[in-house]
Amino acid sequence: MRRLAQALQAQGHQVSRTLVAELLNAAGYSLQANRKTKEGDNHPDRDAQFGYINTQVTTALTEQQPVISVDTKKKELVGDFRNNGREYRPQGNPEAVRVHDFLIKELGRAVPYGVYDLAAHSGWVSVGVDHDTAAFAVSSIRQWWQAVGRTRYPDATRLLITAKPAPAKAGGGGSNGSRVRLWKRELQKLANELGLDIMVCHLPPGTSKWNKIEHRLFSFITQNWRAKPLISYRVIVDLISATTTKTGLTVRCELDTGQYPSGIVVSDAEMAAINIKRAEFHGEWNYTISPKAYSPDCAFIS
């Protein structure tokens with residue numbers, strides 16, 4: 001306001017910064033921050049893919065088949081670092097945290113991978129200590145199934161997974177992206193172990209915030225640990241496990257100390273061996289990986 005007033009005064013106008021503010025307000029202007037609404041270019045089949053996903057989810061839920069939404073939450077530095085948000089404390093006694101957010105090597109980073117069960121309105125989070133890879137992602141789904149899923153869905157014949165958007169360009173996709181070979185190879189292993197068809201539907205490009213796990217699980221975890229420094233893995237696990245909502249959300253969280261090395265290359269031969277069936281509509285986004293059928297005289301070598 002002061003600079004605008006000075007510029008107007010230099011042009012011969014008798015004006016103060018207060019008057020400038022009043023004039024701007026009368027003209028319909030106000031101070032506003034940026035709003036994150038642009039997701040990038042819309043894919044022409046964006047709405048059709050959402051419709052396809054909705055049909056698959058509705059059908060699976062009607063048939064009492066498990067439906068989960070999966071993704072990795074933002075990685076967190078472990079230690080006495082600032083955590084966004086505010087919390088009530090005795091006046092004049094804010095919690096002291098580090099000035100700079102530099103990694104503490106002895107503590108490392110936490111990698112929370114979430115599984116949100118749509119029918120049960122419940123979440124599972126594996127807190128990893130290593131890399132965010134497809135092997136870690138599938139391991140988290142496996143842990144959810146072994147601890148919760150198989151008891152909750154004893155008659156399941158298939159598992160429907162809605163995952164993060166397909167990348168708009170080659171080379172993207174994260175740990176559970178539609179173009180990640182390791183993701184599909186690990187899902188084949190899981191399908192073999194569980195004896196279930198694993199159906200995957202990826203959201204269309206540029207729609208990451210539409211993934212149900214984001215606004216039904218992750219957002220509430222962030223609210224629950226606001227202004228609380230994540231000083232240890234135990235604190236992280238406890239804060240995630242304590243997340244609840246008025247609508248009945250419950251969350252179970254466990255620490256995964258396994259090692260998941262990055263840079264694993266899946267060969268063309270391994271890809272060709274995956275028992276995958278692509279849907280007629282955007283088979284690169286929608287596909288089913290079924291257990292492999294082995295002959296009775298097949299021998300397994302570990």
Problem set entry | Pick from the range 76-99, criterion open to solvent by less than 100 Å² (accessible area, probe 1.4 Å) and charged (D, E, K, R), ranking: nearest to residue 176 (Cα to Cα) | 76
Exercise. Considering only residues of the range 1-48 that are at pLDDT 90 or above and either charged (D, E, K, R) or closer than 30 Å to residue 282 by Cα (or both), which is farthest from the chain's Cα centre (by Cα)?
Worked result: 17
Exercise. Considering 133, 151, 59, which residue is loosely packed, with under 12 Cβ neighbours inside 10 Å and either among the β-branched types (Val, Ile, Thr) or over 26 Å from residue 205 (Cβ atoms) (or both)?
Worked result: 151
Problem set entry | Extreme residue, nearest to residue 85 (Cα to Cα), among residues of the range 223-240 that are free of Cβ contacts under 8 Å to residues at least 40 places away in the same chain and within 19 Å of the chain's Cα centre (by Cα) | 224
For this session: Only residues that are under 28 Å from residue 105 (Cβ atoms), touching a residue at least 40 places away in the same chain (Cβ under 8 Å) and either among the aliphatic types (A, V, I, L, M) or open to solvent by less than 80 Å² (accessible area, probe 1.4 Å) (or both): list them for the range 242-264, please.
Result: 253, 254, 255, 256, 258, 260, 261, 262, 264
Problem set entry | The lone exception for residue 71 - which of (1) under 30 Å from residue 155 (Cβ atoms); (2) within 20 Å of the chain's Cα centre (by Cα); (3) open to solvent by 40 Å² or more (accessible area, probe 1.4 Å) it fails | (3)
Problem set entry | Test: residue 103 is open to solvent by 20 Å² or more (accessible area, probe 1.4 Å), under 22 Å from residue 232 (Cα atoms), in contact with a strand residue (DSSP E or B) (Cβ under 8 Å, 6 or more places away or on another chain) and not acidic (Asp, Glu) | yes
Seminar exercise, completed: Note on the range 106-117: residues in a loop (DSSP other than H, G, I, E, B), open to solvent by less than 90 Å² (accessible area, probe 1.4 Å) and not hydrophobic (A, V, I, L, M, F, W, C) are 108
Exercise. Out of the residues in the range 39-74 that are part of a strand (DSSP E or B) and of a type in the set (A, V, I, L, M), which is nearest to residue 213 (Cα to Cα)?
Worked result: 70
For this session: Could you tell me whether residue 142 is open to solvent by 10 Å² or more (accessible area, probe 1.4 Å) and free of Cβ contacts under 8 Å to residues at least 60 places away in the same chain?
Result: yes
Exercise. Looking only at residues in the range 166-205 that are closer than 16 Å to residue 116 by Cα and assigned to a loop (DSSP other than H, G, I, E, B), which one is modelled with the highest pLDDT?
Worked result: 203
Problem set entry | Only one of 187, 160, 203 that is crowded, with 20+ Cβ neighbours inside 10 Å, over 15 Å from residue 289 (Cβ atoms) and aliphatic (A, V, I, L, M) | 203
Exercise. Quick one: what pairs do we get from the range 47-61, first residue touching a residue at least 12 places away in the same chain (Cβ under 8 Å), second open to solvent by 40 Å² or more (accessible area, probe 1.4 Å), C-beta under 6 Å, 6+ apart or different chains?
Worked result: 52/281; 61/119
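The values are calculated or read from the model by the stated rules, or taken from the named source; none is laboratory data. Note that this is a predicted model, so its numbers are computed, not measured. Glycine gets a Cβ as well: all are built from the backbone with ideal geometry, and neighbour counts include every protein chain shown. For the accessible areas, the whole protein counts, side chains as well, though only heavy atoms, and no ligand, DNA or RNA atoms are used. Shrake-Rupley method; radii C 1.70, N 1.55, O 1.52, S 1.80 Å.
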